[in-house]
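Inspection log for the structure reproduced underneath, given as structure tokens.
Every read-out reported here was derived from the displayed coordinates using simple, explicitly stated rules and does not represent laboratory data. The structure displayed is predicted, hence computed values, not measured ones. With ideal geometry, Cβ positions are generated from the backbone for all residues, glycine too; neighbour counts draw on all protein chains shown.
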Amino acid sequence: MAPHDVKEVDVVVVSGGPAGSTLASLVAMQGHRVFLLEKEAFPRYQIGESLLPATIHGVCRLIGVSDDLARAGFTVKRGGTLRWGANPRPWTFLFSVSPKMAGPTSFAYQVERMKFDQILLDRARQLGVAVRERCPVSDVVVDSDDRVRGVHYTVPGGGEHQVHARYVVDASGNGSRIYKNVGGSRDYSDFFRSLALFGYFEGGKRLPAPNSGNILSAAFDSGWFWYIPLSESLTSVGAVVQRELASKIQGDPETALRRLIGECPMVSDLLAGAERVTTGEYGKLRVRKDYSYHQSRFWRPGMVLVGDAACFVDPVFSSGVHLATYSALLAARSINSVLAGRVDEKTAFDEFEKRYRREYGVFYEFLMSFYDMHVSENSYFWAAKKVTNNTNPELQAFVDLVGGVSSGEAGLTGHDAVSDRFKGRAREFASAIDELAGGEEGNMVSLFKSSVVREAMLEGAHVQTRALLGKAAAAETPLFDNGLVPSPDGLLWTFPDSFRG
Ligand SMILES: Cc1cc2nc3c(=O)[nH]c(=O)nc-3n(C[C@H](O)[C@H](O)[C@H](O)COP(=O)(O)OP(=O)(O)OC[C@H]3O[C@@H](n4cnc5c(N)ncnc54)[C@H](O)[C@@H]3O)c2cc1C
């Protein structure tokens with residue numbers, strides 16, 4: 001079908017980045033018609049290569065790409081190694097310290113984004129999303145009730161078109177052309193205003209096992225370096241410098257990067273004997289402002305912002321793709337719940353916005369303490385405990401935060417693997433009912449087909465999970481007064497048990 005043949009859908013998603021593809025998949029999984037418009041032809045380059053366990057074992061598992069990710073052969077990241085703060089020696093944390101990420105889910109991946117983003121976009125296609133590449137969106141369509149109803153976009157070769165939808169999702173990143181349509185303002189942080197200069201090297205050394213897949217963050221006088229092992233031989237290397245030292249990355253980027261590497265003994269040593277990649281997508285040296293910002297509103301009737309289109313915070317803890325995919329999950333639940341007629345729009349989207357701001361807020365607040373270079377790592381662990389109100393020991397609170405699981409959402413941790421087994425059985429039962437219903441008429445069948453029975457089945461699965469896992473799988477409690485909780489399958493919002501009396 002030609003791009004412009006689609007005129008009316010349930011949801012239009014602007015972008016095929018991680019936030020866009022994730023949201024599109026989660027909405028398509030509920031049977032809704034989703035149209036995704038992406039400006040570029042994939043695979044396309046993007047920075048943001050170090051991921052968190054919450055993304056891999058939470059959101060990616062939910063959309064069904066775990067096996068594809070395992071097959072892609074990405075570097076396994078078990079934690080992080082930092083030369084940071086008052087301690088002159090590098091220190092390391094492992095995700096496995098936290099029971100929320102224990103066992104087989106105690107890792108994430110370092111990914112080449114061209115491959116990772118392609119896997120997510122292909123999954124959206126498999127799930128029935130109509131994907132159109134090379135179709136930039138230029139504006140939104142607003143109706144006389146002041147509700148966003150669709151978008152204007154251009155097709156390859158030119159030609160403006162419109163598509164109408166019940167919801168427009170802006171996931172088009174920090175360069176979004178349409179985010180302003182939600183209203184409010186984009187507020188920039190005075191604290192986090194850095195610039196990054198980055199490139200790729202072949203043959204860089206690795207940290208000793210078992211930390212060889214870790215991200216290394218190494219502070220030096222002008223800022224800090226990331227050193228991310230993308231494969232056995234390819235390394236992503238970036239220098240982040242404060243705004244006041246911007247002159248250090250002006251002029252010839254090759255010279256600037258070489259000088260900055262020279263200022264950081266640990267990275268100089270790891271790159272001794274390595275060669276900078278000079279051809280292909282990895283051959284360019286790039287500069288990005290990583291100024292942190294957040295939009296004062298995340299949604300308005302008919303439109304919602306997710307991922308970098310809504311907010312971004314300093315990259316030191318690799319929270320970008322986590323915030324992008326987690327916000328996509330939260331917004332998908334809101335859209336699915338409203339389209340299913342289960343929750344009114346304001347209640348559903350207020351829940352999305354509050355949870356998203358909370359997650360962004362804990363990273364933001366924690367990072368403010370993390371830039372105090374005169375204290376030891378124990379102070380950072382303590383700060384993580386404080387900003388997340390975590391009752392566990394300091395180190396665990398820190399690891400929960402930087403693993404992306406401090407919100408306490410069961411869906412973001414490995415515990416759900418167990419609950420999946422039960423939910424899988426409940427779904428099998430529901431499909432069996434459908435098959436039966438296909439061939440027969442009758443009251444019992446229509447009763448079984450009703451959504452009430454389906455819900456009861458899924459609730460039942462959750463009860464079994466709770467019985468097995470005890471507190472770890474207890475019914476999620478609302479994060480906020482009078483708030484909502486995720487449905488047992490994670491795709492919708494529901495009212496908590498306390499609402500039902
Ligand atoms: C220096 C630096 C280092 C970073 N390191 C990390 C890291 O290690 N780990 C991490 O998790 N994050 C990191 N990040 C953050 C990460 O890059 C982003 O947070 C993440 O890519 C956001 O995902 P997204 O889906 O919101 O947007 P994006 O990944 O930016 O995707 C947006 C998509 O929208 C498309 N698009 C744009 N405009 C339009 C339009 N008009 N119409 C249609 N499509 C459009 C784009 O082509 C793109 O494909 C880093 C960021 C910086 C600046």
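A compact table of results
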quantity	calculated
Whole-angstrom gap from the stretch 296-348 to the stretch 113-136, using each part's C-alpha centre	19 Å
In the stretch 3-107, the trypsin sites (Lys or Arg not before Pro) that fall in loop regions by DSSP, at most 12 other Cβ within 10 Å	7
J(HN,Hα) series, the stretch 121-136, from Karplus relation 6.51 cos²θ - 1.76 cosθ + 1.60, nearest Hz, glycine and proline x	5, 4, 5, 4, 4, 4, 7, x, 6, 7, 9, 10, 8, 6, 10, x
Alpha-carbon centroid distance for the pair the stretch 1-52 / the stretch 83-97, whole angstrom	37 Å
Between helix 415-439 and the chain: long-axis angle, C-alpha atoms, 0 to 90°, nearest 10	30 degrees
Average Cα contact separation per residue, the chain, under 8 Å, 6 or more apart, as relative contact order %	18 percent
Residue 16 long-range amide H proximity, modeled H, under 5 Å	39
Rounded tilt (10° steps) of 320-339 against the dominant C-alpha axis of the chain	10 degrees
Check: the chain dipole with +1 on Lys, Arg Cβ and -1 on Asp, Glu Cβ, in debye	580 debye
Volume per residue that the Cα convex hull of the chain spans, once the total is divided by residue count, Å³	162 Å³
Helix-only CD estimate at 222 nm, as mean residue ellipticity for the chain, using -39500 (n - 2.57) per DSSP H run (n ≥ 4)	-11000 deg cm²/dmol
Between 0 and 90°, nearest 10: helix 18-28 axis offset from the chain longest Cα axis	10 degrees
Relative contact order %, the stretch 1-132, counting alpha carbon pairs below 8 Å whose residues are six or more apart	36 percent
Residue exposure sequence - 374, 152 - by fewest surrounding Cβ within 10 Å	374, 152
Extension gain from residue 92 to residue 146, taking 0.36 nm per residue of separation minus the Cα-Cα distance	14.3 nm
